[in-house]
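The values are calculated or read from the model by the stated rules, or taken from the named source; none is laboratory data. What you see is a predicted model, and the numbers here were worked out from it, not measured in a lab. Here the Cβ positions follow ideal geometry from the backbone for every residue, glycine too, while neighbour counts run over all protein chains shown.
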Amino acid sequence: MNAHESTDLEESMFVAEPLGVEDPRVHPAWLPPEAFRALGARRVLVHGDGLLVDTVLDEVTRACTRYGGRVWHSPSWDVEVDLVLTLRDADELPNSAVEAARSAAEAALVDVADGATLGDEGFLLARAGELTVVLADAPAGLLYGLFHVVRLCAGAFDPARPPELHRPALRRRMLNHWDNVAVHPVMGQVERGYAGGSIFWAGGRPRGDLARIREYGRLLAASGINAISVNNVNVGRAEAMLLTDRLGDVTEIADVLRPYGIRVHLSVTFAAPVVLGGLTSADPFDEDVRAWWAATTRRVYERIDDFGGYLVKADSEGQPGPFTYGRDHADGANLLAEALAPYGGVVHWRAFVYNHHQDWRDRSTDRARAAYDHFAPLDGRFRTNVVLQVKFGPVDFQTREPVSPVLAAMPATRIAVELQVTQEYTGQQRHVCHLGPCWSEVLRFAPWGPGGRTIADVATGEAGTGGGLVAVANTGDDLFWTGHPLAQANLYTFGRLAWDPRLDATAVLDEWMTLTFPPSATAEPELVRRTLHEIMDDSWRTYERYTAPLGVGFMVHPGDHYGPDVDGYEYSRWGTYHFADRDGVGVDRSRASGTGFAGQYPPYWADVYESPQTCPDELLLFFHHVPYTHVLHSGSTVIQHIYDTHFAGVEEVAVMRRRWQTLNGMIDPTVYERVAERLDEQVRCATEWRDQINTYFFRKSGIPDARGRRIH
Ligand code: GCW
């Protein structure tokens, strides 16, 4: 028995109230105190030691202080308990009930997983007689197990509950913040941020609200996220200095997030040796450059020994990269990987590389092809601590895109799939758009053909060596964290799908609702739940219906990307065109007559996408230019589909708004009001989309709506 201080924590531990409980500056999101009621009313024993075990104790103690339960940490006397959270290798306790529970959990583990290890983050939840037991190999597993108990509410104490084993499918579940340290003249404090300022930075300095960062870490850990990059991938002067002179600012964040099992990563500029180190070159083959990265990285690990690694956007949209020195992206990525390798760090190297100075007259260049053309030939050349981070689609986080063919083209490379939780192209957190179903489709997609390995398998990798799942964060210093209170669900869902990509998106949404709007604190909980499902479940498809049709993408207002502007990008340099003329619309990406992009897929999908006859309707205009009279698999013509979906989409939004109004008085009035305001804007904006799109295509095609509705 080691020298545990056996303390009755209920009496002796001082527990600060978490931010968000009484603090009107911030909404508690999916961790309101009420969500801890079932746990907090129990007698809980925590056994084990470590920083994250202390976090578990802290969480349990807060809950028990509020709801009348009790907490013990490794007591050396007999206590009667309802819940035991224990590390597997913790010493025996002189407590027969607890020891019986531990051996019951070990036996359950043999049953469900042949006694397998639980790993760095996994846990087993089992009933043992009158007790619930959470067993973990490592402190992080205990923390995830605790949040699982919270999620289950009273269900965690159901005597009939069978044992459950939980291990994350993906090792790294990461958020990228596109937060600027200094306010950018065009992009502001947070690039593509729709939730106010940054949690981390304000006007060139750290924001200094460490309590809020800690609260954020709590929320992320409860959703399953375990890594975060704290500055924008577009790295300006102030941001570059985080790597050297301002490393202390990063250290401070890392220290606050560590107790929640979240490792900090940093976006760096490829030109750092020049910008920060005063060298004349950043050439990966230059010995001085290599030495500079090695020394700089060593200093980072001296301050932050669990530092995650670097994130790099190179040779993309004006960011510097290896092309300047005639080197390729494997050379560039390996340079940083070499510096990180001694400490176990990784480089997330983004595959978002394309020509953003395209001439719209040039039909031979296809932005969708770019990532594959640049990266597929480099397969096998990256060091093992390089993770190639690939946007889920070949263009840019559109509402509907095919899955990027790069994800199936690089079997000898660690791949991370990048999603966008911030709703740059999906309503900017003014519109309800629950993205879970979109991400599930991506993760379940089988790029080698039905029944084969999936995108989730690619991110998992052979023997768990894949690059994981990454998403651009949607959070800021807003009262609700995410601007639109219902957009919290997207962040929660991202974390949960990164933990287990097989989860059903609607079931995850249900979990989020139970936590965020606890039934015990909600008048008419079933009505609230049903109404939220009616509003949110299909909201991504609703958004798709009133915006760009059939996978063609964009048609957004240039620059801010909000609201319709059908030809806004049609004659620009960005490579995102729809090619509508009087006869038809869409981009021919076939091998036979188009850009050849369809040929970047493995044979099954290359064939399906090649022909308009086999291409799925929702992607038809991504792959083909077809006449307005082309008949879809649905039986409708393209033009009639455009009219029908746009009328329907707006009606659906109007129904969402009416449904929301039925919740007035049943939920927190500040949440009610914020969502109500945003639904007004969604109705306005969706109407604008409908009218501009329908009018545009009516004028181009001259074909009237078969149902005679008003088109302007
Ligand atoms: O979607 C585009 C955005 C840019 C962003 C870029 C990227 C950070 O419009 O604002 O830059 O993608 O992913 O790097």
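Candidates 436, 452: the one that is more than 16 Å from the ligand (Cβ to nearest atom) and farther than 23 Å from residue 599 by Cβ is 436. Among residues belonging to the stretch 159-189 that are without any contact (Cβ under 8 Å) to a residue 40 or more places away in the chain and away from the ligand (no atom under 16 Å from the Cβ), point out the one that is nearest to residue 463 (Cα to Cα). So the residue we want is 162. Residues in the stretch 645-692 that are assigned to a loop (DSSP other than H, G, I, E, B) and either among the small types (Gly, Ala, Ser) or crowded, with 20+ Cβ neighbours inside 10 Å (or both): 663, 665, 667. Scanning the stretch 350-385 for residues that are outside any loop (DSSP other than H, G, I, E, B) and farther than 15 Å from residue 312 by Cβ, we see that the one that is farthest from the ligand (Cβ to nearest atom) is 377.
Rundown of residues vs (1) closer than 19 Å to residue 470 by Cβ; (2) surrounded by 21 or more Cβ atoms within 10 Å (Cβ to Cβ); (3) in contact (Cβ under 8 Å) with a residue 60 or more places away in the chain; (4) small (Gly, Ala, Ser), yes/no style:
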{"position": "396", "(1), (2), (3), (4)": "yes, no, yes, no"}
{"position": "404", "(1), (2), (3), (4)": "yes, yes, no, yes"}
{"position": "424", "(1), (2), (3), (4)": "yes, yes, yes, no"}
{"position": "427", "(1), (2), (3), (4)": "no, yes, yes, yes"}
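Would you point out the residue of the stretch 220-240, among those that are part of a loop (DSSP other than H, G, I, E, B) and of a type in the set (A, V, I, L, M, F, W, C), that is farthest from the ligand (Cβ to nearest atom)?
Looking only at the stretch 220-240, we keep the residues that are part of a loop (DSSP other than H, G, I, E, B), and these are 224-226, 230-236.
Narrowing the set further to residues that are of a type in the set (A, V, I, L, M, F, W, C) leaves 225, 230, 233, 235.
Values: 225: 19, 230: 14, 233: 5, 235: 10 Å.
Step by step, filter the stretch 220-240, then rank; the result is 225.
Taking the stated definitions as given, is residue 462 acidic (Asp, Glu) and either surrounded by 24 or more Cβ atoms within 10 Å (Cβ to Cβ) or at pLDDT 95 or above (or both)? Answer is no for this residue. Scanning the stretch 230-255 for residues that are closer than 18 Å to residue 191 by Cα, out of contact with any His (no Cβ under 7 Å at 6 or more places or on another chain) and of a type in the set (Val, Ile, Thr) yields 233, 235. Kindly indicate whether any position in the stretch 322-340 is touching a Lys or Arg at 6+ places or on another chain (Cβ under 7 Å) and under 30 Å from residue 590 (Cα atoms). Yes, the stretch 322-340 contains at least one residue that is touching a Lys or Arg at 6+ places or on another chain (Cβ under 7 Å) and under 30 Å from residue 590 (Cα atoms).
Of all residues assigned to the stretch 243-251, none qualifies as being buried (at least 21 other Cβ atoms within 10 Å of the Cβ) and under 18 Å from the mean Cα position of the chain (by Cα).
For the stretch 40-68, a residue qualifies if it is in a helix (DSSP H, G or I) and either touching a Cys at 6+ places or on another chain (Cβ under 9 Å) or basic (Lys, Arg) (or both), and the qualifying residues are 40, 62, 66. The residue that is nearest to the ligand (Cβ to nearest atom), among those in the stretch 394-409 that are touching a helix residue (DSSP H, G or I) at 6+ places or on another chain (Cβ under 6 Å) and within 16 Å of residue 578 (Cα to Cα), is 395.
Considering only strands (runs of 3 or more DSSP E) fully contained in the stretch 156-219, which possess at least 2 residues that are modelled with pLDDT of 95 or more and among the β-branched types (Val, Ile, Thr)? So that I can check it myself, show each step before the final result.
Values: elements: 164-166, 173-176, 179-184, 188-190.
So the answer is 179-184.
Would it be correct to say that residue 192 is within 19 Å of the chain's Cα centre (by Cα), within 16 Å of the ligand (Cβ to nearest atom) and under 24 Å from residue 310 (Cβ atoms)? Even if it seems obvious, please write down each step before you answer.
Values: within 19 Å of the chain's Cα centre (by Cα): yes; within 16 Å of the ligand (Cβ to nearest atom): yes; under 24 Å from residue 310 (Cβ atoms): yes.
So residue 192 fits the description; yes.
Figure legend. Inter-residue proximity from the stretch 229-241: first residues in contact (Cβ under 8 Å) with a residue 60 or more places away in the chain, second residues β-branched (Val, Ile, Thr) and away from the ligand (no atom under 12 Å from the Cβ), beta-carbon distance below 7 Å, spacing 6+ or different chains. Indicated pairs: 235/268; 235/269. All of 98, 81 fail the test of being under 15 Å from residue 133 (Cβ atoms) and in contact with a Lys or Arg (Cβ under 7 Å, 6 or more places away or on another chain), apart from 81.
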